[in-house]
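Trainee: Take this structure, written in structure tokens, and hold onto it; I'll ask about it next.
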Amino acid sequence: MSVEVRVPTLGESVTEATVATWFKKPGETVAVDEMLCELETDKVTVEVPSPAAGVLGEIVAAEGETVGVDALLATLSEEGNAGPEDVKPRAHSEMVEEAPAAGGAAVDVMVPTLGESVTEATVATWFKAVGDTVEADEMLCELETDKVSVEVPAPAAGVLTAIIANEGDTVAAGGKLAEMSTGAGASAPAAAPAPAAPTAAGGKDVENAPSANKLMAEKGVDPASVSGTGKDGRIMKEDVLNALNKPAAAPAPAAAPAAPRPAEDAAREERVKMTKLRQTIARRLKESQNTAAMLTTYNEVDMTEVMALRNAYKDQFEKKHGARLGFMSFFTKACVHALQEVPEVNAEIDGTDIVYKNYVNMGIAAGTPQGLVVPVLRDVQDKSFAEIEKEIAEKGRRARDGKLSMAEMQGGTFTISNGGVYGSLMSSPILNPPQSGILGMHKIQDRPMVINGEIKIRPMMYLALSYDHRIVDGKGAVTFLVRVKEALEDPRRLLMDL
């Protein structure tokens with residue numbers, strides 16, 4: 001049976017790639033998921049695994065050719081069905097004894113769909129052990145991606161017979177996590193295998209990308225100095241390029257090992273691996289600093305009128321709409337009003353183009369036990385105060401529970417971050433790329449203000465707008481903050497569209 005090898009999805013906005021290297025030749029035998037070739041796009045290097053075990057037939061796209069998404073790369077002659085004594089060898093991580101009892105059926109537990117552009121996850125926690133009886137839809141384990149946590153339920157009732165991916169392992173979307181035996185006669189396996197040993201003492205158990213090895217050899221780069229971002233730490237071509245472009249390390253750090261921490265200090269420390277979410281937060285924030293010409297402008301707003309309006313109507317509002325009337329809906333509406341006047345704050349840079357958005361997808365930054373996430377409220381320009389408050393409450397609750405989907409955190413055009421709930425009096429928020437603006441709210445604090453020549457105590461809040469100076473000029477940024485201030489100090493302006 002002939003199987004087609006096609007170009008996989010290359011990522012958002014990427015439509016074509018170049019065939020960099022073929023690792024196999026026509027006529028060679030390949031195993032399922034064995035690497036066939038490597039593609040290069042303008043952003044990343046993409047590996048193409050074999051969709052089945054068999055023999056590589058014709059190579060349609062040779063090295064150096066440009067191919068589009070889903071284009072045919074090669075054909076593969078699939079192996080025939082293995083007989084009972086001719087079972088395909090399995091990866092060492094899958095060497096488990098399957099012993100479902102008579103009457104039971106073997107069921108694979110697979111990695112669920114992780115969301116757009118997410119291809120792998122880390123197994124965070126197993127809630128069940130081999131031999132445990134589980135009910136259908138009972139939670140088996142939890143996976144962590146670089147954006148959300150994903151729970152994996154049991155696909156059927158039965159007994160967990162084997163765990164293929166242990167805690168800490170990285171698994172691909174659609175990969176195998178475990179095996180179950182279902183049916184009335186399901187029982188645990190007779191014995192659990194010992195963990196597989198490393199492939200080679202002192203060696204890596206994965207091969208670097210051939211294009212990376214070639215570039216390291218040409219440039220004289222020590223592989224030990226390159227941090228691999230591929231699966232299982234595999235060094236990719238872009239990792240080598242990043243290492244080459246990285247400024248030379250200052251001599252000072254070399255002396256650091258000469259002064260190790262005292263043993264008594266080390267005993268009082270705890271080393272915890274960063275979660276994928278925290279790694280992504282760190283990477284994206286640093287990318288934001290390195291890419292955008294970020295600048296922050298400040299103002300302050302007298303919250304007297306908003307607080308009076310909220311106090312007057314909050315009970316009626318909650319009774320009618322079933323949602324609390326907070327300050328976030330006022331700020332969201334005020335920002336929508338200001339963004340219509342200063343559209344560049346709601347735009348983004350794409351290469352040499354500026355993309356203006358004729359809608360507002362508002363990101364509302366929310367702190368969670370796992371880290372900062374930014375759920376997105378779509379088309380807030382068309383939503384009422386009640387709709388905004390309900391959606392903020394619902395998305396905030398699911399963010400804290402780790403239940404937000406990938407789609408709910410993508411596509412934002414502007415962000416509001418409320419550090420005031422933690423007591424922040426003043427801060428400079430950092431941009432959420434590719435957005436060009438983010439508004440920072442802060443603590444409401446009574447301060448003496450001069451009102452019509454008299455000193456009066458007023459509830460004041462500092463506002464901070466961080467913006468990308470490549471697209472937003474100082475005049476536009478200041479005008480934006482002034483319009484937000486005016487709308488909040490006289491909320492009637494929002495109703496009158498002034």
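The values are calculated or read from the model by the stated rules, or taken from the named source; none is laboratory data. None of these values were measured; they are calculated from a predicted model. Cβ: placed from backbone, ideal geometry, glycine included. Neighbour counts: every protein chain shown.
Trainee: Given (1) assigned to a strand (DSSP E or B); (2) under 20 Å from the mean Cα position of the chain (by Cα), where does residue 446 come up short, assuming only one miss?
Mentor: (2)
For every residue, the table says whether it meets (1) within 20 Å of residue 325 (Cβ to Cβ); (2) among the aliphatic types (A, V, I, L, M); (3) in a helix (DSSP H, G or I).
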position: 391; (1), (2), (3): yes, no, yes
position: 402; (1), (2), (3): no, no, no
position: 421; (1), (2), (3): yes, yes, yes
position: 450; (1), (2), (3): no, yes, no
position: 455; (1), (2), (3): no, yes, no
position: 480; (1), (2), (3): no, no, yes
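Trainee: A further question on this structure: Restricting to region 138-172, name every residue that is modelled with pLDDT of 80 or more and assigned to a loop (DSSP other than H, G, I, E, B).
Mentor: Answer for region 138-172, where residues must be modelled with pLDDT of 80 or more and assigned to a loop (DSSP other than H, G, I, E, B): 138, 154, 155, 156, 157, 164, 165, 166, 167, 168, 169.
Trainee: Can you tell me how many residues within region 263-302 are part of a strand (DSSP E or B) and charged (D, E, K, R)? Give the steps one after another, and end with the answer.
Mentor: Here is the first cut: in region 263-302, the residues part of a strand (DSSP E or B) are 294-302.
Checking which are charged (D, E, K, R) leaves us with 300, 302.
Total satisfying the criteria: 2.
Trainee: Which numbered condition trips up residue 307, out of (1) closer than 27 Å to residue 467 by Cα; (2) in contact with a strand residue (DSSP E or B) (Cβ under 8 Å, 6 or more places away or on another chain); (3) part of a helix (DSSP H, G or I)?
Mentor: (1)
Trainee: Tell me which residues, restricted to region 311-369, are among the hydrophobic types (A, V, I, L, M, F, W, C) and assigned to a helix (DSSP H, G or I).
Mentor: Going through region 311-369, the residues among the hydrophobic types (A, V, I, L, M, F, W, C) turn out to be 312, 317, 323, 325, 327-328, 330-331, 334-336, 338-339, 342, 345, 347, 349, 354-355, 360, 362, 364-366.
Within region 311-369, 312, 317, 328, 330, 331, 334, 335, 336, 338, 339, 345 qualify.
Trainee: Here are the criteria: (1) within 30 Å of residue 350 (Cβ to Cβ); (2) at pLDDT below 85; (3) of a type in the set (Lys, Arg). Tell me which single one residue 6 does not satisfy.
Mentor: Result: residue 6 passes all but (2).
Trainee: Working carefully through the options 61, 20, 52, find the one that is buried (at least 17 other Cβ atoms within 10 Å of the Cβ) and part of a loop (DSSP other than H, G, I, E, B). Quick ask: steps written out before the conclusion?
Mentor: Working: 20 fails: part of a loop (DSSP other than H, G, I, E, B); 52 fails: buried (at least 17 other Cβ atoms within 10 Å of the Cβ).
So the residue among 61, 20, 52 that is buried (at least 17 other Cβ atoms within 10 Å of the Cβ) and part of a loop (DSSP other than H, G, I, E, B) is 61.
Trainee: Inside region 393-417, can you point out the residues that are at pLDDT below 90 and touching a helix residue (DSSP H, G or I) at 6+ places or on another chain (Cβ under 7 Å)? Steps first, please.
Mentor: Step one: of region 393-417, the residues at pLDDT below 90 are 393-411.
Within region 393-417, 395, 404, 408 qualify.
Trainee: Still on this structure: Restricted to region 370-385, and to residues that are over 17 Å from residue 435 (Cα atoms) and in a loop (DSSP other than H, G, I, E, B), which residue is modelled with the lowest pLDDT?
Mentor: Among residues in region 370-385 that are over 17 Å from residue 435 (Cα atoms) and in a loop (DSSP other than H, G, I, E, B), the one modelled with the lowest pLDDT is 370.
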